[in-house]
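Have a look at the structure below, then the notes.
The values are calculated or read from the model by the stated rules, or taken from the named source; none is laboratory data. Source: prediction; values computed, not measured. Here the Cβ is made from the backbone with ideal geometry for all residues, glycine too, and neighbour counts use every protein chain on show. What goes into the accessible areas is simple: the full protein's heavy atoms, side chains included, and nothing from ligands, DNA or RNA. Shrake-Rupley method; radii C 1.70, N 1.55, O 1.52, S 1.80 Å.
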Amino acid sequence: MARFESPRYKELGFYVGNEYRKFSGGIYDTDDAEEIAVLSGISDCVRVDEAEEAVKPARTQTKAKSKE
């Protein structure tokens, strides 16, 4: 699922082919490849699902010091 956010326009509208689509509350979720392609080209929105995956912290492992 791809999630796009429009921080500037809460009801941003766009066309995919001849069909009109719009954001609701500044968020638009889709699995449609055509919609993703169109949304990726719009400067007033940002794909946020990829950003969230990149920010996830890596698991860290600590080694126990041996007592000698």
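Hey, can you tell me all the residues within segment 1-26 that are polar (S, T, N, Q) and within 13 Å of Val38 (Cα to Cα)?
Once the filter is applied, which keeps residues that are polar (S, T, N, Q) and within 13 Å of Val38 (Cα to Cα), segment 1-26 yields only Asn18.
When the residues of segment 5-30 are filtered to those that are among the β-branched types (Val, Ile, Thr) and either surrounded by 15 or more Cβ atoms within 10 Å (Cβ to Cβ) or touching a Pro at 6+ places or on another chain (Cβ under 9 Å) (or both), which remaining residue is nearest to Glu50 (Cα to Cα)?
Quick first cut of segment 5-30, residues among the β-branched types (Val, Ile, Thr) only: 16, 27, 30.
From what is left, the residues that are either surrounded by 15 or more Cβ atoms within 10 Å (Cβ to Cβ) or touching a Pro at 6+ places or on another chain (Cβ under 9 Å) (or both) are 16, 30.
Details: Val16: 22, Thr30: 13 Å.
Of everything passing the filter in segment 5-30, Thr30 is nearest to Glu50 (Cα to Cα).
Of all residues in segment 31-48, which are charged (D, E, K, R) and open to solvent by 80 Å² or more (accessible area, probe 1.4 Å)? First the steps, then the outcome.
First, the residues of segment 31-48 that are charged (D, E, K, R): 31-32, 34-35, 44, 47.
Residues satisfying the conditions are Asp31, Glu34.
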